[in-house]
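Student: Handing you a structure now.
The values are calculated or read from the model by the stated rules, or taken from the named source; none is laboratory data. Fair warning: this is a prediction, and the values are worked out from it, not measured in the lab. A quick note on method: Cβ atoms are made from the backbone with ideal geometry, for glycine too, and the neighbour counts reach across all protein chains shown. Calculation scope for accessible area: heavy atoms of the full protein, side chains included, ligands and nucleic acids excluded. Shrake-Rupley method; radii C 1.70, N 1.55, O 1.52, S 1.80 Å.
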Amino acid sequence: MYKGVMLSVLASFTFGVLYFYTEFLKPLDSEQTFAWRMLSTLPFLTLFMWWSGDLSRVAEVFQRVIKQPKMLLWLMCSSFLCTTQLWLFLWGPINGRGLEVSLGYFLLPLVMVLVGCLLYKEKLSAWQIAAIGLALLGVSHEIWRMGYMAWETAYIAVAYPLYFFLRRVFKTDHLGGIWLW
């Protein structure tokens with residue numbers, strides 16, 4: 001459990017550093033930054049998958065696409081959802097919409113919990129309900145303070161759960177699925 005907590009904290013820290021790092025990439029615009037991110041991700045992800053033994057997952061998904069060509073449509077939809085999320089993550093701070101994008105990432109876990117409860121019949125403990133209530137209070141206050149819900153906020157809060165749902169339904173919720181998007 002402690003390993004998972006530490007990895008979660010490390011991921012959150014890295015997420016925050018990457019968000020603010022985009023400010024140092026100027027004069028690159030969001031599209032150029034996104035392109036460099038995509039170009040650098042593929043070789044490092046491939047190397048990591050080779051090292052961890054997960055590279056065979058790419059072949060598994062590819063073989064499923066050959067056997068079920070309709071799956072390609074769902075992979076393209078999943079790819080669109082993920083790619084636009086990654087682009088928006090870089091676009092926001094560079095274009096002065098960092099608060100709106102960040103708020104979407106604060107709202108995202110609440111939507112994920114809602115999806116888990118509605119679609120997967122997850123049960124919450126009293127402490128989890130209390131934590132969700134406090135998080136909802138904080139996010140609602142910020143939306144109220146802004147006076148509106150930005151499209152960036154709504155898109156992040158809705159598109160990621162849809163992306164994760166599609167990956168789970170089509171059993172591509174592993175590194176091979178990420179590599180192919």
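Student: Pairs, please: C-beta under 6 Å, at least 6 apart or cross-chain, first residue over 19 Å from residue 164 (Cα atoms) and touching a residue at least 40 places away in the same chain (Cβ under 8 Å) and in region 119-131, second open to solvent by 80 Å² or more (accessible area, probe 1.4 Å) and in a helix (DSSP H, G or I)?
Tutor: So the pair list comes out empty.
Student: Within region 12-28, identify whether any single residue is over 15 Å from the mean Cα position of the chain (by Cα), open to solvent by less than 70 Å² (accessible area, probe 1.4 Å), closer than 22 Å to residue 102 by Cα and among the charged types (D, E, K, R), and answer yes or no.
Tutor: Looking through region 12-28, none of the residues is over 15 Å from the mean Cα position of the chain (by Cα), open to solvent by less than 70 Å² (accessible area, probe 1.4 Å), closer than 22 Å to residue 102 by Cα and among the charged types (D, E, K, R).
Student: Taking the criterion of being over 19 Å from residue 163 (Cα atoms) and open to solvent by less than 60 Å² (accessible area, probe 1.4 Å), would at least one residue in region 62-84 satisfy it?
Tutor: no
Student: Give me the pairs, please: first residue somewhere in region 148-173 and assigned to a loop (DSSP other than H, G, I, E, B), second residue anywhere and among the hydrophobic types (A, V, I, L, M, F, W, C) and open to solvent by less than 10 Å² (accessible area, probe 1.4 Å), beta-carbon distance under 6 Å, and either six or more positions apart or on two chains.
Tutor: Filtered contacts from region 148-173: 172/61.
Student: As an exercise: evaluate residue 46 against (1) over 30 Å from residue 146 (Cα atoms); (2) open to solvent by 50 Å² or more (accessible area, probe 1.4 Å) and give the number of the one condition it does not meet.
Tutor: (2)
Student: Against the conditions (1) in a helix (DSSP H, G or I); (2) modelled with pLDDT under 90, where does residue 96 fall short? Just the number, please.
Tutor: (1)
Student: Tell me whether region 36-45 contains one or more residues that are assigned to a helix (DSSP H, G or I), polar (S, T, N, Q) and under 25 Å from residue 162 (Cα atoms). Full working, then the answer.
Tutor: We begin by selecting, within region 36-45, every residue assigned to a helix (DSSP H, G or I); these are 36-45.
Subset that is polar (S, T, N, Q): 40-41.
Still in the list and also under 25 Å from residue 162 (Cα atoms): 41.
Checked against the condition, which is being assigned to a helix (DSSP H, G or I), polar (S, T, N, Q) and under 25 Å from residue 162 (Cα atoms), region 36-45 yields at least one hit.
Student: Select from region 29-43 the residues that are hydroxyl-bearing (Ser, Thr, Tyr) and surrounded by 13 or more Cβ atoms within 10 Å (Cβ to Cβ) and write down the one among them that is modelled with the lowest pLDDT. Don't jump to the end; show me each part of the working.
Tutor: So the first thing to find is which residues in region 29-43 are hydroxyl-bearing (Ser, Thr, Tyr), and the list is 30, 33, 40-41.
Still in the list and also surrounded by 13 or more Cβ atoms within 10 Å (Cβ to Cβ): 30, 33, 41.
Details: 30: 76, 33: 82, 41: 85.
Here the residue is 30.
Student: Shifting gears a bit: Would region 170-180 turn up any residue that is touching a helix residue (DSSP H, G or I) at 6+ places or on another chain (Cβ under 9 Å) and over 24 Å from residue 48 (Cβ atoms)? Reasoning before the result, please.
Tutor: Filtering region 170-180 for residues touching a helix residue (DSSP H, G or I) at 6+ places or on another chain (Cβ under 9 Å) gives 170-180.
Okay, now just the ones that are also over 24 Å from residue 48 (Cβ atoms), so none.
The answer is no; no qualifying residue exists.
Student: Name the pairs whose Cβ atoms lie under 7 Å apart, with the first residue in region 89-113 and at negative phi and in contact (Cβ under 8 Å) with a residue 12 or more places away in the chain, the second of a type in the set (Asp, Glu) and crowded, with 18+ Cβ neighbours inside 10 Å, and 6 or more positions between them or separate chains?
Tutor: Close Cβ pairs (under 7 Å, with a partner that is of a type in the set (Asp, Glu) and crowded, with 18+ Cβ neighbours inside 10 Å) amount to 92/100; 92/152; 97/152; 100/152; 101/152; 104/152.
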